[in-house]
1. Using packing as a proxy for protection, rank 48-54, 38-44 so that the peptide with the highest average count of other Cβ atoms within 10 Å comes first.
2. Label residue 52 and residue 66 with points 7 Å out from Cα along Cα→Cβ: what is the distance between them in nm?
3. Mind putting a number on the dipole of the chain about its Cα centre? Charges go on the C-beta only, +1 for Lys and Arg and -1 for Asp and Glu, and I need it in Debye to the nearest 20.
4. Roughly how many nanometres apart are two label points built 7 Å out from the Cα toward the Cβ at residue 44 and residue 8?
5. Just tell me which lysines come within less than 29 Å, Cα to Cα, of residue 9; anything on the same chain fewer than 8 places away is out.
6. Near the amide H of residue 34, under 5 Å away, which other amide H atoms are found, from residues 5 or more places off or on another chain, if H is placed in the peptide plane?
7. Binned at 5 Å from 0, what are the whole-percent values of the Cα-Cα distance distribution for the chain, short to long?
8. Taking the chain as the reference, fit the longest principal axis to its C-alpha atoms, fit the long axis of helix 19-30 to the helix C-alpha atoms, and give the angle between the two in degrees, 0 to 90, nearest 10.
Amino acid sequence: MLPVSMMAKETVLIIGLGEVGHALFELFKENEKFNAYGFDSDEEKMRNVAGHVELPEVIDVVHICYPYKEQRKFI
């Protein structure tokens, strides 16, 4: 088996950098197996959390973190 440093990293995109998305982004960012990117409709939040606004052309995994307040109304 190849060492982690020689294996191709998966590119992960976290959509929504609020309470849950921000935490999830940080977990992927700290892990050496992934290239983590974050996207939010608020560009300033993207810069503050992810440090970038450009996204890669190829993405392996997408996590969508959609905010909601009332669980009964969430679909």
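1. Descending mean neighbour count gives 38-44, 48-54.
2. 2.7
3. 280
4. Here the modelled spin labels are 3.9 nm apart.
5. Here the lysines satisfying the reach criterion relative to residue 9 are 29, 33, 45.
6. Residues meeting the amide H criterion: none.
7. 3, 16, 24, 22, 14, 10, 7, 2, 1, 0
8. 10
Every number in this text was worked out from the coordinates using simple rules, so none of it is lab data. The structure presented is a predicted model; accordingly, all values stated were derived computationally and were not measured. Reconstructed Cβ throughout: ideal geometry from the backbone, glycine too, with neighbour counts over all protein chains shown.
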